[in-house]
Structure formats: C-alpha cells, structure tokens
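The values are calculated or read from the model by the stated rules, or taken from the named source; none is laboratory data. These numbers come from a predicted model, not from an experiment. Don't worry about glycine lacking a Cβ; one is built from the backbone with ideal geometry, like all the others, and counts go over all protein chains shown.
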Amino acid sequence: MMRILHVAAEIYPLVKTGGLADIVASLPPALAKRGLDVRLLLPGFPAILEGLLGLAPVIRFGPAFGAAVITIRIGRMPDSGLHAYVIDAPFLYQREGNPYVDAKGHDWSDNHRRFALLGWVAAHMASGELSPGWLPDVIHAHDWHAGLVPVYIAQNPGLKTATVFTVHNLAFRGIFPMDYYVELGLPATELTPQGIEFRGKISFMKAGLVHSRKITTVSPAYAREIRTPEFGCGLDEVLRERGDDLTGILNGVDYAVWNPDDPVSGRSYNLNNIQGKKECKLALQSELGLSPHATGPLFAVVSRLTSQKGMDLLLAALPDFIKAGVQLAVLGTGDSALESGFRHAALTNPDSIAVHIGYDEAMSHRFMAGADVFLVPSRFEPCGLTQLYALRYGTLPLVRKVGGLGDTVIDASPENLKSEKATGFVFDLATLPAFLGCVRQACALYGDPTTWLQVQRRAMGQDFSWNDSAANYESLYRSLN
Ligand code: ADP
Ligand code: GLC
C-alpha cells in the first residue's frame, strides 16, 4: 500500500481559518477510500491536541527550534478516523486563538520556527528517525507553512522520499529575514535566487516551489494564472521554470458536511423538494432582522473581508444594491476598514443589509441555505470553496471569472440558458460596472421563477465531490515512484 503523509497547519473541524482546513480534512479520506495508506502531520495547537482521539506518544526529543521538549504523538481524527501525528511542543504551539497571529492580529514573532519545525519533523519521519514503523513514500505538503519539507529532505542526500507541494494561495509566501536561516538549520548555500532567497529574504513558499518534485495548485485556471506577473506574486518566474512539474487539480467538496439536507443549518431540503429552501430564507431573514417583504433576491457573503475577495468592490456597490431592492447578508472578518464599512451600511439600512462580523461555522451553513445568490467577486481566487457549497444548496453563485471560480460556475447567459448549462452568474472585470451588471442579471433572472428553478436544480446536481480530483492526486503520486 502506498503511504502518503499530508503535512498542513490547519484541519477542519479542529483548527480552521479558511478553505485549506476543509481540504486537509477531506482530501486525505478521499485518498484513503481509494486504497492509499494516508496519515496526517499537524502542529500541536491546543484544539488539535484536544480534538484528536486516543493520543499516544511516539517519541520525545529536544531541544529544537526554541522548544525545550517536543513530543510526537499519534491519534485519530474524530470524523474520518485517519491517523494523525501531532507535534506537541507547548513552547511553540500552546497559544489560544488564531494559529498564525496574536490577539492584536500580528504574526507571531517565532512563526519561522513554528512552521519550520513542521517541515523538519516531516523530513525526519521520512528518514525513519521519528516513527520507524511507518515510512511515507510521498510527503504532500500544503502551502507555505509546510514549504520547508523538501528543503529538509534534501539535507539528507540518501533520502529519496518524493514530495508534492500544493499552493493554496500564492499571496501568502511565508517571508522571513534572511539571517533566520541559522536558527532554521538551513545551509547558506540555499540563500540564492535559485534557492529559497526571495527579494533579499527567505520565502517558505518559494522553498516548496523550488525543491518539491511536483507542484500542484487547486484549480486548472490558477495553475495557468500564477505563471504570469499579474497573479504570480513575484514567484511567476520560478513557476514558469518549473512549468512541466506544475498542474492544477480542482478542489473537491465533502458533501457529508456541505449538504442542504443539513442538520447544521437546522432545516433541510433537497433537489426533489426545494420548497424547504423558502423556509430557510424566512428563518435567516428573521434571525438577521431583515424584512421578509423584499422584492429582490437575498444575496449572501461568507468570506474573509479582504481585497482578495473583492469586498471593497461589494462595499462600493451597496448604494446600488439598495436602489435595486435586494437584500444582503454578510458573515465575515478581516480588514478593519471593510468591517466598519459593512457595519455602517447595516446600521443605516437595517431592513435590507445585515452584517455579522465574526467567524461562525454553523451560521455559515444557515447563510448557504437561506440565501438566493451567493457572492464571490474575488480579485484572485486559487479555487474558492463557497461557490461550490452554494451550488449544492441551490444558492446561485455570482462570481468573478478568475481562478477556480471561472472553472466551476457557468454564466446564465442567453446561450447557456438555452443550452441548459447555466449554473450561476459570472462577470469578467474587477470593476464596479461589470459587477453591477452581473447583479442586475441575477435580479432579472430572479424575476423569472421558472427559469430560476431550472438553474437552481442544475446547480444542485453539479458534482464537485473528490472522486475525480482524488484520482488525479493518486496518479500524480504513482508517477513519482
Ligand atoms: P479562503 O480559504 O481563501 O478564505 P475558500 O472559499 O477556499 O476561501 O474557503 C473559505 C472557507 O472558510 C469556507 O469553508 C467558508 O465557509 C469559511 N469561512 C470564511 N469566512 C467565514 C466566517 N466568517 N464564518 C464561518 N466560515 C467562514
Ligand atoms: C486558499 C484559497 C482558496 C482555496 C483554498 C483551499 O485559501 O484562497 O481559493 O479554495 O485555499 O484550497
């Protein structure tokens, strides 16, 4: 049985700041279902140590990376039952709240050591020093947090473990001062533009890109986009050079978690009984204090409130939303200027705009179920998961044609309606007129309930489960041996 170790900083339902956690929770079980022997390696954040079942120590060592004592433990994930190794290093990880930043929102000053340790442990697991009973054939590292995995593996020239590095978001490059290399035990020979040096600093993301055997990212479109200066975040040249080893594999959805027959949202409906969705809408309007008498559709957003997600565009569009008689529900956290902008809009338009600043998993399901249209007007979007969830809930996604959004939503243009392909609304340019044009298009279709229902049914019938994508990852792993 081929052994695969997934290395990542977050995993649903234990620690989640975004889509990475959903993918790290759902891809490994999909691979296990295909007959691969899959395990996880995670940092010992409090919620991970508390949430894993049957934790038992594997090995204890230290000091390293500033921690006096480090214990590798093994347990099982509460939902999938997969084995997970966890790095119990209280000095580095025993901090409540967000895994990356302190209570004031500043990066922890020792993040370089906290995430280097993740890569270092993975490499030493490959060498058999830490868990001799289970040697991975492939180590699959996710995002910059695990970017040093292949660099540490390269420190042992005898080690042939294959590595796959997945870029979930190139905008987060894991950048640290150059002189930290000593603390990280990295050789000075790495500090070149061909190595992990990036604009006079060290980039963990670049380390993953340069040293892994294969690079993947989370949609075919983003795999093309990141080779260009517009989307490449300064790493496009590296990505062009490694072009033969870079592929886009679309993220999948765990439909056991994201499903309108949904205990989390408290109400349920399905493809054959969309009526239940109306009740979900009334319940959401009542929960948020929105008027149940609006003539236009209810738009929803569940998102980080950042410019990546186009939230400034949405804020600028609100006066036109009000004029068009539509409603908007926003659930999110992020940039403080955007948070206060949305708060202010809700205060001045309580019947039509509701804003909940915060992170609330259960509420996000109620938004999915209760809204008519789900907005994702991103400036860039590696894959995007909420539009995929929205499709399954019959909540028509309105997205910008970028990254994974353009790969997964089909615009309700007259041709696509006629050929029975449309599943949502897609606009091209990140401009207010383009966005508002698309909003008007959604409102017009909402005024035609028969066609709306047809598109809703088609959306709900889309299959973005892991089946195909997990098969693609498996072929990639097999090509490495
Ligand atoms: P990203 O990872 O770039 O933020 P994705 O669309 O891949 O974007 O994933 C976002 C995930 O985080 C989804 O599961 C979404 O429901 C969730 N999410 C984002 N903001 C919130 C929030 N404020 N409350 C609850 N869930 C949220
Ligand atoms: C990142 C991206 C998002 C993607 C997610 C999971 O956070 O911003 O587009 O869906 O990772 O791959």
State whether one or more residues within the stretch 268-279 are away from ligand 1 (no atom under 16 Å from the Cβ), assigned to a loop (DSSP other than H, G, I, E, B), surrounded by fewer than 22 Cβ atoms within 10 Å (Cβ to Cβ) and at positive phi. no
Check off (1) on the phi < 0 side of the Ramachandran plot; (2) touching a helix residue (DSSP H, G or I) at 6+ places or on another chain (Cβ under 9 Å); (3) modelled with pLDDT under 95 for ALA329 and give me the number that stays unchecked. (3)
Report the residue count in the stretch 2-59 for those that are at negative phi and more than 16 Å from ligand 1 (Cβ to nearest atom). 35
Looking at LEU250, is it in a loop (DSSP other than H, G, I, E, B), under 27 Å from PRO63 (Cβ atoms) and either among the aliphatic types (A, V, I, L, M) or within 16 Å of ligand 2 (Cβ to nearest atom) (or both)? no
Considering the stretch 227-247 alone, what residues qualify as being of a type outside the set (Lys, Arg) and assigned to a helix (DSSP H, G or I)? ASP236, GLU237, VAL238, LEU239, GLU241, GLY243, ASP244, ASP245
